[in-house]
1. When the residues of segment 1-37 are narrowed to those that are within 17 Å of LEU290 (Cα to Cα) and β-branched (Val, Ile, Thr), which ends up surrounded by the fewest Cβ atoms within 10 Å (Cβ to Cβ)?
2. From the list VAL167, VAL180, pick out the single residue that is surrounded by fewer than 18 Cβ atoms within 10 Å (Cβ to Cβ) and in a helix (DSSP H, G or I).
3. State whether one or more residues within segment 132-153 are over 30 Å from THR81 (Cα atoms) and among the hydroxyl-bearing types (Ser, Thr, Tyr).
4. Which of the residues belonging to segment 76-110 are closer than 22 Å to VAL153 by Cβ, open to solvent by less than 40 Å² (accessible area, probe 1.4 Å) and outside any helix (DSSP H, G or I)?
5. Please work out if GLY23 is under 24 Å from the mean Cα position of the chain (by Cα), assigned to a helix (DSSP H, G or I) and more than 28 Å from ALA128 (Cα to Cα).
6. So which of LEU77, LEU110, LEU62, LEU99 ends up being within 22 Å of ASP219 (Cα to Cα) and among the hydrophobic types (A, V, I, L, M, F, W, C)?
7. Of everything in segment 38-58 that's of a type in the set (A, V, I, L, M, F, W, C) and open to solvent by 30 Å² or more (accessible area, probe 1.4 Å), which residue is farthest from VAL284 (Cα to Cα)?
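The values are calculated or read from the model by the stated rules, or taken from the named source; none is laboratory data. Keep in mind that what you see is a predicted model, and the values were worked out from it rather than measured. As a convention, Cβ positions derive from the backbone with ideal geometry for all residues, glycine included, and neighbour counts pool all protein chains shown. Keep in mind that these areas ignore ligands, DNA and RNA; they rest on the heavy atoms of the full protein, side chains included. Shrake-Rupley method; radii C 1.70, N 1.55, O 1.52, S 1.80 Å.
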Amino acid sequence: MASLIPGPVPLPDSRFDLSTYWGRVKHCAEILDPTMLLNTSSDIEAAKRTVWDYRNGVTGKLTPDFWRSKKVLDSALHPDTGETVFLPFRMSSCVLSNLVVTAGMLTPGLGTMGTVFWQVANQSLNVAINISNANKLHPLTTKQIATNYTMAVTASCSVALGLNAIVPKLKGLKPNTKMVLGRLVPFAAVVSAGIANVFLMRSEELKKGISVYDKDGNDLGSSKKAAFYAVGETAASRVINATPVMAIPPLILVRLQKSRFLKGKSKLTETAVNIGLIFVTALVALPPALAVFPQREIVSPQKLEDKFHDLKDKNGNKIEQVEFNRGI
């Protein structure tokens, strides 16, 4: 992120007010902007120079070029390491990267093999995004990643296959209700596995803690309590993020299949409509969902371990607020 560019001049977090929900919605919409994927390595380096010039007093104005440069860096760089995140796993690629697997999971009439395939594909993408964007203080070993990935895939497939077997056998429900519940099975599988995925893939953070910073970006040490907040909020955000994308399109598709718009149409047309619904829903609903929890969480030191309670800044004043990277 742009905040990792060194310099004595404080860097504004965003052109929007991140202390408010709607400010974060606008900020998230910028971070998710797919056009940011068109930036080359040269564009990123040029953006770094522009932000460096501002942070070091070469330029003192918040110009449109500065905000553009900051947007480029915030969408491409890891918030802890400053390294460029592999393109398919950047936040600006979120909608496009998830489009195919989400459409696959929400395809009506998937059999056992189809269900397993798309659940595995979805968890594989989730693991890749987690590894690429999670807090880097305590990286997982290859063995831990493999173990956690296997457990997440098992949880996802178990929920999906289990519910697919149970829903048709439910008594006292109308056929239409059973069909709707069946369409929501992928949502239940994604939510349950998503929560498990977060806690499994970030287990080392819970064990060892994550870095906590003062307002000037100085590392104050590791905190397990901050890690608990970060991982817990991220798990909750998975539920919030998945709800509109995994629930709204299948419900709309059920209605369209009964209308003249799709009734009697080819499977290809149905698939195209399904993908379109997912794409539009993701573009519209993801920013509000992602904005529920701020990326850089600010808390009182009193909520963390005792060692953070009486820290002072370089001017000798007691530190009243600290922050940490929540991860995604």
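1. Among those residues, the one meeting the criterion is THR20.
2. Values: VAL167 fails: surrounded by fewer than 18 Cβ atoms within 10 Å (Cβ to Cβ).
Sole residue among the options that is surrounded by fewer than 18 Cβ atoms within 10 Å (Cβ to Cβ) and in a helix (DSSP H, G or I): VAL180.
3. Step one: list which residues in segment 132-153 are over 30 Å from THR81 (Cα atoms), which gives none.
Within segment 132-153 (the criterion being over 30 Å from THR81 (Cα atoms) and among the hydroxyl-bearing types (Ser, Thr, Tyr)), the answer is no, since none of the residues qualifies.
4. LEU106
5. Working: under 24 Å from the mean Cα position of the chain (by Cα): yes; assigned to a helix (DSSP H, G or I): yes; more than 28 Å from ALA128 (Cα to Cα): yes.
Yes, satisfied.
6. Numbers: LEU110 fails: within 22 Å of ASP219 (Cα to Cα); LEU62 fails: within 22 Å of ASP219 (Cα to Cα); LEU99 fails: within 22 Å of ASP219 (Cα to Cα).
Every option except LEU77 fails the conditions.
7. The first filter runs over segment 38-58 and keeps only residues of a type in the set (A, V, I, L, M, F, W, C), leaving 38, 44, 46-47, 51-52, 58.
Checking the rest, the ones that are also open to solvent by 30 Å² or more (accessible area, probe 1.4 Å) come to 38, 46, 52, 58.
Working: LEU38: 21, ALA46: 30, TRP52: 33, VAL58: 38 Å.
My answer is VAL58.
Here is a yes/no grid of residues against (1) more than 27 Å from HIS78 (Cβ to Cβ); (2) of a type in the set (Lys, Arg):
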site	(1), (2)
ASN122	no, no
SER156	no, no
ALA160	yes, no
LYS171	yes, yes
PRO175	yes, no
VAL185	yes, no
ASN197	no, no
